[in-house]
Amino acid sequence: MTRPPLICSSHTISGVMPGDPAIARDDFAARAAACAWAGFDGLCLHMRDYALQTRLGASPAALRSILERNGLAVTSVEFLSDWASPTEAARANTDLAFAAARALGAPVVNAGIDALDTGAPLETLVAPLRALCDRAEEAGVRIALEFVAWGSCGSLAEAMDLVAASGGRCGLLLDLWHLARAGVPDQALDAVPPEAVLGLQISDARRPDPRPPREATLDRLFCGEGELDLAGFLARAARLGWNAPVDVEIISPRVAALPVDLRAAHAYETSLPFVNAAWSAYDPA
């Protein structure tokens, strides 16, 4: 069975940590070339990165040319954390994410479920989510809601309830790190239909980790370096027909400090065997 596209996450290749004033340590062309040289099929672009490129004078056509030259697709744009807020800043972030997706042909924009840990009751997110999906439809993209290991969404079933409340107009982004940290049981994964899965993210981690999740998530490991059940997660994904792109998302100061070519190469080389094994072992017949 053909494996899904293997994608380099924006945080894996940026060379900086989330929240850093700098958006990336290397220029866009160098990062794209490193991803292609490593073997990735595409990349996930951060909306702040797109804003930086436009400020530096790069046109959408120029960015597309770099991607095409390297045989890469942008499969998603990230990351909307404040989409439920009524502020002008939140609307500007949404505008930026949709502009980036339109410019580079990304079909999906990633958005966290209470990623800012406000504790907002899930029922208060329904109306903003429907409005976000309205705008996404106008932009020609879909929203991938990421279940995170903090905030007001306590289970995958609740995340699916949000998808249902949108009328099925959004889907889920399933990150193994968050699923494992939140203790999501395997049977909960089995209940997620393939059409609801718009993206997968993989990394590794030590277990147990006594640190708070919002701290621990910034110290991830390359695939195979920790104790997460990568093989089991990906085997289940193949069996369930989750054929969405698989993003390798290694958020780590150790990884950020590596040269750009090593960031990409090690992320690809450590993840590919897990992905290949899962999809080659599954025969739907």
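Name the one entry in LEU162, LEU179, LEU174 that is closer than 19 Å to SER81 by Cα and outside any helix (DSSP H, G or I). It would help to see each step written out before you state the result.
On the way: LEU162 fails: outside any helix (DSSP H, G or I); LEU179 fails: outside any helix (DSSP H, G or I).
Selected residue: LEU174, the only one of LEU162, LEU179, LEU174 that is closer than 19 Å to SER81 by Cα and outside any helix (DSSP H, G or I).
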Worksheet item: For VAL197, are the conditions met, namely being more than 17 Å from GLY42 (Cα to Cα), surrounded by 20 or more Cβ atoms within 10 Å (Cβ to Cβ) and at pLDDT 95 or above?
Response: yes
Item to complete: Report, by residue number, each residue of the range 198-237 that is of a type in the set (Val, Ile, Thr) and either more than 11 Å from PHE274 (Cβ to Cβ) or in contact with a His (Cβ under 7 Å, 6 or more places away or on another chain) (or both).
Response: THR217
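Go over the candidates THR94, THR124 one by one and state the one that is within 14 Å of ALA159 (Cα to Cα), in a helix (DSSP H, G or I) and hydroxyl-bearing (Ser, Thr, Tyr). I'd like the intermediate steps shown before the answer.
On the way: THR94 fails: within 14 Å of ALA159 (Cα to Cα).
When all the criteria are applied, what remains is THR124.
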Worksheet item: How many residues, within the range 44-63, are part of a helix (DSSP H, G or I) and farther than 22 Å from THR94 by Cβ?
Response: 2
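Yes or no, residue by residue, for (1) in contact with an Asp or Glu (Cβ under 9 Å, 6 or more places away or on another chain); (2) surrounded by fewer than 18 Cβ atoms within 10 Å (Cβ to Cβ); (3) within 30 Å of ALA36 (Cβ to Cβ); (4) modelled with pLDDT under 95:
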| residue | (1), (2), (3), (4) |
| --- | --- |
| GLY57 | no, yes, yes, no |
| ARG64 | no, yes, yes, no |
| LEU72 | yes, no, yes, no |
| SER76 | yes, no, yes, no |
| PHE79 | yes, no, yes, no |
| ALA89 | yes, yes, no, no |
| ALA97 | yes, no, yes, no |
| ALA100 | yes, no, yes, no |
| ALA103 | no, no, yes, no |
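I need the full set of residues from the range 142-162 which are modelled with pLDDT of 95 or more and either surrounded by fewer than 22 Cβ atoms within 10 Å (Cβ to Cβ) or more than 20 Å from the chain's Cα centre (by Cα) (or both), in order please. Before you say what the answer is, go through the steps one by one.
The first filter runs over the range 142-162 and keeps only residues modelled with pLDDT of 95 or more, leaving 142-153, 155-162.
Within the range 142-162, ARG142, ALA149, TRP150, GLY151, SER152, SER155, LEU156, ALA157, GLU158, MET160, ASP161, LEU162 meet the criteria.
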Item to complete: State whether one or more residues within the range 160-176 are among the charged types (D, E, K, R) and over 28 Å from GLY42 (Cβ atoms).
Response: yes
Worksheet entry | Those residues of the range 17-45 which are within 24 Å of SER59 (Cβ to Cβ) and either among the basic types (Lys, Arg) or out of contact with any strand residue (DSSP E or B) (no Cβ under 8 Å at 6 or more places or on another chain) (or both), in sequence order | ALA22, ALA24, ARG25, ASP26, ASP27, PHE28, ALA29, ALA30, ARG31, ALA33, ALA34, ALA36
Worksheet item: Could you say whether any residue in the range 204-215 is out of contact with any Lys or Arg (no Cβ under 7 Å at 6 or more places or on another chain), closer than 26 Å to LEU122 by Cα and outside any helix (DSSP H, G or I)?
Response: yes
Discussion item. Go through the range 233-244 and report how many residues are surrounded by fewer than 21 Cβ atoms within 10 Å (Cβ to Cβ) and either free of Cβ contacts under 8 Å to residues at least 40 places away in the same chain or in a loop (DSSP other than H, G, I, E, B) (or both).
Written reply: 2
Worksheet item: Is there a residue being more than 16 Å from ALA165 (Cβ to Cβ), touching a strand residue (DSSP E or B) at 6+ places or on another chain (Cβ under 6 Å) and in a helix (DSSP H, G or I) anywhere in the range 105-115?
Response: no
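The values are calculated or read from the model by the stated rules, or taken from the named source; none is laboratory data. Because the structure is a prediction, the values reported are computed rather than measured. Cβ sites come from the backbone with ideal geometry, for glycine too, and all protein chains shown count toward neighbours.
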